[in-house]
Amino acid sequence: MSTSSPTQTLPSADRRDDSVLLRARIDAWLADYVDCLDGKRIDDWPDFFNEECFYTIVPKENDQLGLELGLIRCESRAMLKDRAYAIKKTAMYGPRDIRHFFTGLVVREAAPDLIRAESNFLVVETQNDMLPRVFAVGRSYDEITPVGDSFRFKTRRCVYTSNLIPNTLIIPI
Amino acid sequence: MLDPLHNRATNWPTDGPSRVPLWIYSDPDLYARELDVIFYGPTWSYVGLASEVPERGSFKRTFIGERPVIMTRDEDGKINVFVNRCAHRGIEFCREHHGKVNEFVCPYHQWTYDLKGNLLGVPFRRGVRGQGGMPGDFKNSEHGLPKLQVAERNGAVFATFDERTQPLAEYFGDEMLPYFDRVFDGRRLVILGYSRQLIPSNWKLMFENIKDPYHASLLHVFLVSFGLFRVDQPVKGIMDSTGRHSVYASMRGEQKSTDATRDMRNMLSDLKLNDARILDPVREFPGDVTVAMQTLWPNLIVQQQSNTLATRQIIPRGPGQHELVWTYFGYETDDEAMRVRRLRQANLMGPSGFVSMDDSEVLQFNQDGVKRYPADQGVIEMGGRDTENTDHGVTESAIRAFYKYYAQVMEL
């Protein structure tokens with residue numbers, strides 16, 4: 001049986017700790033983002049984005065065909081605020097509980113002023129008279145700006161794999 | 001008549017189309033008959049846009065009723081529609097929504113079809129080392145994929161299983177054609193993208209929704225608050241001579257209160273967008289109409305709301321649900337600003353649309369109600385009990401016209 005030391009194959013402790021720390025910080029921030037959406041604090045949702053930003057949710061089909069059309073397309077924080085207002089004041093929808101699960105965060109690129117990250121998302125929806133159901137699954141492609149000791153999205157593109165939405169997507173991903 | 005098994009009527013109420021029996025939304029036997037009589041009968045079903053199959057070998061997989069079909073462009077540049085079901089053992093062999101091929105090969109035994117659906121080859125047809133093989137009288141020409149009749153009008157493609165279906169223009173009728181040709185005006189269409197939703201309601205409720213200008217001023221706070229469609233605006237409701245197709249056309253009004261808005265409890269007259277680019281419509285069609293929603297029997301809604309254009313294709317998935325496929329498009333002549341404008345305005349529509357999400361939610365509530373009270377009836381009396389065209393939107397006459405025709409076709 002081999003007894004070679006595992007430390008020899010690992011990157012230097014400093015670099016590794018830096019990247020683990022960055023990932024942990026982004027992960028903690030994403031947990032706040034989920035807390036905002038699942039906690040029905042939609043008013044706070046636009047604050048997770050830069051004033052100049054781009055947010056969209058697209059089916060895999062459009063993504064593969066190079067088609068831009070999304071279920072939601074917001075080209076500024078102001079547009080995100082309009083979306084939040086519509087969800088709160090103008091839209092009619094039945095009672096539901098939405099839980100977001102973000103996993104497998106990877107940092108593709110970490111420059112001082114811009115981080116490119118990806119993660120999987122799973123959205124579980126519970127409506128009255130219904131068992132919880134997997135509502136959507138997919139991957140998000142994010143460009144994140146460091147702001148002080150926190151972050152903001154510059155772009156967030158959520159690609160869902162099913163193409164088919166179970167009726168309506170009210171709460172963003 | 002009373003159905004002894006289900007203890008409910010099986011025919012239409014004697015009051016005519018101002019009453020709709022609720023069992024028609026959930027009855028499995030009626031649904032099976034609808035597929036045969038309506039979707040597989042003498043009707044033109046929308047299958048797609050010609051731009052979706054731009055080149056030789058391009059294909060699109062779709063459905064008519066519940067039947068899978070494929071639309072292709074062949075070597076001659078012609079559009080074909082044939083069944084997506086291998087002539088051999090019934091495999092639904094094409095699984096991708098879109099793509100490009102030279103031929104179709106069923107993965108099971110590799111029966112191969114050309115772009116017109118003709119059978120090209122059968123492996124081991126002559127046997128192996130003198131053993132097996134198809135009988136000597138087996139002819140490829142007798143085992144192609146069943147082909148549908150196809151009709152194209154200005155870039156929109158329709159197909160039918162029934163050879164007796166009347167010509168497309170005649171099928172739409174003189175009342176519908178001007179509105180159809182207004183959006184499909186012959187310019188080459190550019191696909192902007194798709195969205196698909198599974199709506200937990202009977203397919204007819206989707207049609208009712210579009211034939212119902214009454215709800216638009218009440219359910220859709222976003223729509224009324226921004227004056228995109230309101231009952232106090234000029235509204236024209238037009239049906240074809242049969243009542244199966246309809247169009248509602250209107251003009252965008254101002255964002256102000258009038259005597260009619262008093263009943264619109266939900267109207268928010270002080271609503272202001274933070275980013276006005278979502279609603280930045282540019283006039284692009286002749287005339288004053290800013291919104292025209294057309295329903296074409298049995299599976300198509302043509303949407304023109306400001307600059308967002310889409311076909312909405314209804315695919316029934318059992319009596320209690322249907323898939324709605326939205327294909328958003330623009331024109332080859334669009335500049336970049338118009339392309340982006342259409343993509344932005346698409347925020348109004350689809351499974352997350354500022355307007356449309358109200359509809360699919362309410363359709364779920366609708367199905368939940370009607371399926372549990374099949375012996376009861378809906379009341380469709382707004383604007384009277386007749387089925388005439390109207391020059392206002394305080395009416396349900398297009399729903400009545402639809403059910404008058406439906407009851408006749410279904411022999412209820």
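Every number here is computed from the coordinates shown, using simple stated rules; none is lab data. These numbers were taken from a predicted model, which means no experiment stands behind them. Here Cβ is always computed from backbone atoms with ideal geometry, including for glycine, and neighbour counts include all displayed protein chains.
The value of relative contact order for chain B, using C-alpha pairs under 8 Å at least six residues apart, is 21 percent.
The Rg/Rh ratio of the range A:12-160, with both radii computed over alpha carbons and Rh defined as the Kirkwood radius, is 0.98. Counting only other chain Cβ atoms within 10 Å of each residue's Cβ, the peptide A:75-83 averages 5. Return the FRET efficiency for the residue pair B:GLU388, B:HIS109: r is the Cβ-Cβ distance, R0 is 56 Å, and the value is rounded to the nearest 0.05. Result of the calculation: an efficiency of 0.45. Ordered by the number of other Cβ atoms lying within 10 Å of each residue's own Cβ, fewest first, B:ARG188, A:ARG139 fall into the sequence B:ARG188, A:ARG139. When each of B:HIS98, B:HIS88 is scored by the number of other beta-carbon atoms lying within 10 Å, the sequence from fewest to most is B:HIS88, B:HIS98.
This model, with +1 at the C-beta of Lys and Arg and -1 at the C-beta of Asp and Glu, gives the protein assembly as shown a dipole about its Cα centre of some 1120 debye. Residue-wise HN-Hα couplings along the range A:137-152, as the Karplus relation 6.51 cos²θ - 1.76 cosθ + 1.60 with θ = phi - 60° gives them from phi, are 9, x, 9, 10, 10, 10, 10, 10, 9, x, 10, x, 9, 10, 9, 9 Hz; Gly and Pro carry x.
Computed from the C-beta positions of B:ARG283 and B:GLN408, the FRET efficiency with R₀ = 35 Å rounds to 0.30. Taking the C-alpha atoms only, the angle from helix B:356-370 to the longest principal axis of chain B is near 80 degrees. Once both labels are positioned 7 Å from their Cα atoms along Cα-to-Cβ, the gap between B:ARG125 and B:ASP15 label points is 6.3 nm.
Averaged across B:356-364, how many Cβ atoms of other chains sit within 10 Å of each residue's Cβ atom?
On the way: counts 1, 11, 5, 2, 5, 8, 3, 2, 5.
The shielding value for this peptide is 5.
Only Cα pairs under 8 Å and 6+ residues apart enter the sum, and on that basis the relative contact order of the range A:23-118 stands at 27 percent.
Placing unit charges on the Cβ atoms of the charged side chains and taking the dipole of the protein assembly as shown about its Cα centre, the candidate lying farthest along the positive direction among B:HIS392, B:VAL291, B:GLY155 is B:GLY155.
Classified by the C-alpha gyration tensor, the range A:26-100 has a rounded form. Its axis ratio a/c, with a ≥ b ≥ c, is below 1.5. For the listed residue pairs A:LYS40/A:LYS154; B:LYS100/B:LYS211; B:LYS147/B:LYS371; A:LYS60/B:LYS211, the alpha carbons are over 26 angstrom apart in B:LYS100/B:LYS211; B:LYS147/B:LYS371; A:LYS60/B:LYS211. The modelled label-to-label distance between B:GLU55 and A:VAL20, using points 7 Å beyond Cα along the C-beta direction, is 5.0 nm.
Quick one: if you stick a label point 7 Å off each Cα along the C-beta vector at B:ALA375 and A:ASP43, how many nm between them? For B:ALA375 paired with A:ASP43, the spin-label model returns 5.0 nm.
The calculated FRET efficiency for A:ASP32 paired with A:ARG133, based on their beta-carbon distance and R0 = 30 Å, is about 0.70.
Cβ screening of chain B for cysteine pairs under 4.7 Å finds these without a partner: B:CYS94. Candidates A:LEU131, A:PHE101, A:CYS158 compared by Cα position along the dipole of the range A:17-173: farthest toward the positive end lies A:LEU131, with charges placed on Cβ. Here the extension length gained between A:LYS60 and A:ASN163 equals 36.5 nm, from 0.36 nm per residue of separation less the Cα-Cα distance. Ranking A:PRO146, A:ASN167, B:PRO107 by Cα position along the charge dipole of the protein assembly as shown, where only Lys, Arg, Asp and Glu carry charges on their C-beta atoms, puts B:PRO107 farthest toward the positive end.
Net charge dipole, chain A: roughly 320 debye, given to the nearest 20, about the Cα centre with Cβ charges of +1 for Lys and Arg and -1 for Asp and Glu. Need one word for the protein assembly as shown: rounded, prolate or oblate. Basis is the Cα gyration tensor (sqrt eigenvalues a ≥ b ≥ c); a/c below 1.5 gives rounded, then a/b vs b/c decides. Verdict is oblate for the protein assembly as shown. Placing +1 on the Cβ of every Lys and Arg and -1 on the Cβ of every Asp and Glu, with nothing else charged, gives chain B a dipole about its Cα centre of roughly 1220 debye.
Ranking of B:THR395, A:THR56 by neighbouring Cβ atoms within 10 Å, starting from the fewest: A:THR56, B:THR395.
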